[in-house]
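Before any comments, here is the structure.
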Amino acid sequence: MDSRKRQSISVMIGGVHSYFPQEMIRGIITRAQQEDINSYFFLRIHTKPFFQSVLGDFSNNIYDYQFNTVHDYCRISGTDGYIINYGTIGFHMNQDDSWSFAQRYNSRPLVIVTEKVELPNCHNIISDNHQGMYDVVKHLVTVHGCKKILFMRGPRRNTDAIERFQGYLDAMEDFDLPVDDSMIGEGDFSAYVDAEVERVLDANPDADAFAFSNDEMASSCYRVCEKRGLRIGIDLKITGYDGGEFSDKLIPPLTTVFQDAYGMGYQAVEDMARIFQGEALTDQRYPVQLVTRESCGCTPNRDKRTLLPQQAADELRRVRRKAAKREQELLEYQGKSWFIPMMGRDLNDYVQDETEYCYQVMEKLRLLKANAAYLFLLDHSISYDGESEWNCPDNLYLASCYRHGESYAFQPYDRPHVTEENGIAQLTDDGDNHQFMCFLLFSGDRQYGLLVCDVPLDELAFFYVVSLQLGLSLQYLELSKVQEMHRRQMTQDMEAIRARNRELDMLSGYDQLSGLLNLRGLTESVKELCKDGLEQYAYLLYCDLDHLKQINDYFGHPEGNYAITVCASILRSCIRESDKLARVGGDEFVCLVLSDSPSFPEQFRARLTEALDHTNETAGKPFYVGISVGIHAFVMKTYEDFLTASAQADKKLYEAKKTRRADVRKPLADSSFPLLR
């Protein structure tokens, strides 16, 4: 093998469920293999349009925004250059425009496809969108005599969509055809714009044709026409853009503009290789071609030759082989689909041993015939809401890998750290040429890391589902770790409580000083409430008298006892008689309130603040009485639920204590009051 360093590229691309990006990936892979370059595809998946088409208003719980962050992991990819298909990811970004986005990555050679950005160290490849759409309108007008042509534009921030829309407008103007807002639809390049198609057709029942910015959206119009009983190519002429493989398989076949996605991807890698060699390149426009078919009313150009018997037999065998292959692919997909829930179930058996868990992930990918695979995990998960500022994490580590037919896993303390200098490309370099797919691992708003695996492009959709299952499993792993930590903490807390009980030798259920329940009394009361095993909505309050030690030190223990009794009285005044209030330590109080009112925490805090203010204003003491409170809502069915809630309330109390007064003494305290210090 050549001893030179193998070069590598990161590819940022979205919409990989659709034809155009997939063809571009094929072109990139082909040329990268020829150039012996490793490629890493950081994939953006766009599922929201699909779920909205199926679930409608019930599809709000979609976390596509998580994929806006996957590109940032390129910063620690360690690759030698970047290819960005901005046309498939840019319109999902919340803030960055194409220039700002590209600027974040142009410290290394940068090739941008389907976008034009003027930056140093940046090379652009974009198709001739304007001419392609102009040719569509020209064909509809000059060949088919169309007078009213509707248009479905793409995302407003997408350069391809902008140029195609302008090509439509310029052609309509050149042929003296009117355009108004009702004739323009707002699309997102997905195949699920049916509602927008309906709206535009309702506003223009006399339309001759409907031109779409891409083939995916045009397929929506096929469904709408079928529902309305419109004959495509006769009652309404439809055109697309991209020249996707499925466009020829629609019935009738779709007239479209063919742009060579495979060739553009191939060219992007070829140009990157030339840049690596020090060549200076000029930006280029990739040519497009109008392909006319029956959807616009054109007559199909069919071969009139009569097949000879042998030719007919050969053609029949070819069709049968293709059908058999499709059937086999379906059976294999069904088998793999059954494997996914089994994988999640099996991995859950190893959550008590994280290293073994990570090893088993690699074993599952080995069974799925991945060529190589790497699991990168954050040492603690990250919560991201899609709105706050995002920064590339610096706590990503290689947890396990599958390479050269063997699986490996690292102990948590021994995992290689991913850095800009020792990036993903360096940690995945096994001496072979690879084309890696990089899937973001997340569940809901929590991110866990990346799955980097070398799998065939045809398996991309399946491995995306695998990555989703793995994200769910990692969430279960995290919850199991948290539960174990809480269990240990609760065990320690309970032992401390038992020790305290033994030391105090509490024979009564009440505290003598405050008149409240003591710990034993509270425990018995809670167990009594839980004896029937009914679910009860409750709030658990952990309260702490602020600075009791300072009061004792500065003013003496009698004043400290006063503060304790006042604290008990104030807390009692803020709750109902039926609520369980206990003094469980020197300055610690616990209250159990059975309530499902969402406004209780605010009401309680308001009452507490008012009572404290009144006491501090009227008591005539040289110190403040302050109470810190942690409130936790939970559902109580068993005594164990109460213990679990105790740990949470205690944590919230700890956070609340950070905002208490720094000094208990009043600034204008009566100087005649005897200070002990």
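Counting Lys and Arg as +1 and Asp and Glu as -1, each charge on the Cβ, what is the dipole of the chain about the Cα centre in debye, to the nearest 20?
Here the size comes out at about 980 debye.
With a 1.4 Å probe and every protein chain kept in, tell me what percent of the accessible surface of the chain is carbon plus sulfur.
Values: 16350 of 32920 Å².
Answer for the chain: carbon and sulfur cover 50 percent of the accessible area.
Length gain on complete extension for the stretch Ser388 to Gln166, per 0.36 nm per residue less the alpha carbon to alpha carbon distance?
Difference between extended and current length: 76.5 nm.
Length gain on complete extension for the stretch Gln489 to Asp346, per 0.36 nm per residue less the alpha carbon to alpha carbon distance?
Details: separation 143, 0.36 × 143 = 51.48 nm, distance 2.81 nm.
Between Gln489 and Asp346, full extension yields an extra 48.7 nm.
Which residues in the range 525-549 place their backbone N less than 18 Å from a point set 7 Å from the Cα of Lys637 along the Cα-to-Cβ direction?
Within reach of a label on Lys637, which here means backbone N under 18 Å from a point 7 Å along Cα→Cβ, the range 525-549 contributes 527-539.
Can you tell me how the range 332-464 classifies by the Cα gyration tensor, rounded, prolate or oblate, using a/c under 1.5 as the rounded cut?
Rounded shape, in that the Cα axes give a/c under 1.5.
Roll a 1.4 Å probe over the protein chains and send me the accessible area per residue for the range 105-261 in Å². Walk me through the numbers on the way to the answer.
Working: 6020 Å² over 157 residues.
Per residue, the range 105-261 has 38 Å² of solvent-accessible surface.
Rounded if a/c is under 1.5, else prolate if a/b is larger than b/c, else oblate: which is the range 580-667, with a ≥ b ≥ c the root eigenvalues of its Cα gyration tensor? Please report the intermediate quantities before stating the final value.
Values: a/c = 2.33, a/b = 1.86, b/c = 1.26.
Prolate shape, in that a/c is at least 1.5 and a/b is the bigger ratio.
For the range 133-208, just say rounded, prolate or oblate: build the C-alpha gyration tensor, square-root its eigenvalues into a ≥ b ≥ c, call rounded for a/c under 1.5, and beyond that prolate if a/b exceeds b/c, oblate if not.
Oblate is the answer for the range 133-208, as a/c is 1.5 or above yet b/c matches or exceeds a/b.
Helix-derived [θ] at 222 nm for the chain: sum -39500 (n - 2.57) over DSSP H runs of at least 4, divide by residue count, nearest 500?
The helix contribution divided over the chain gives -13500 deg cm²/dmol.
Within 10 Å, count the other beta carbons around each residue, average over each peptide in 232-241, 249-258, and list them highest first.
232-241, 249-258
So, by mean Cβ neighbours within 10 angstrom, what's the order for 594-604, 635-645 with the highest one leading?
Put in order of decreasing packing, that is 635-645, 594-604.
Out of (i) 77, 69, 46; (ii) 75, 65, 47; (iii) 111, 64, 54, which label holds the value of Cα extents along the principal axes in Å that was computed here?
Computing Cα extents along the principal axes in Å and matching it to (i) 77, 69, 46; (ii) 75, 65, 47; (iii) 111, 64, 54 gives (iii).
Using a Förster distance of 35 angstrom, determine the FRET efficiency expected from the C-beta separation of Arg156 and Lys227, and round it to 0.05.
0.80
For Leu177 and Asp97 in one chain, what is 0.36 nm times their gap in residues minus the Cα-Cα distance, to one decimal in nm?
Result: 25.5 nm gained on full extension.
Sort the following peptides by mean Cβ neighbour count (other Cβ atoms within 10 Å, averaged over residues), highest first: 524-530, 482-488, 63-69.
63-69, 524-530, 482-488
When ligands, DNA and RNA are left out and all protein chains stay put, how many square angstrom of accessible area per residue does the range 570-634 have with a 1.4 Å probe?
Normalised by residue count, the accessible surface of the range 570-634 is 46 Å².
So how strong a dipole does the range 522-677 carry about its Cα centre when Lys and Arg Cβ are +1 and Asp and Glu Cβ are -1, to the nearest 20 debye?
Its charge dipole is roughly 380 debye.
The values are calculated or read from the model by the stated rules, or taken from the named source; none is laboratory data. Worth saying up front: this structure is predicted, and the values here are computed from it rather than measured. Don't worry about glycine lacking a Cβ; one is built from the backbone with ideal geometry, like all the others, and counts go over all protein chains shown. Surface areas here come from the heavy atoms of the whole protein model, side chains and all, with no ligands, DNA or RNA. Shrake-Rupley method; radii C 1.70, N 1.55, O 1.52, S 1.80 Å.
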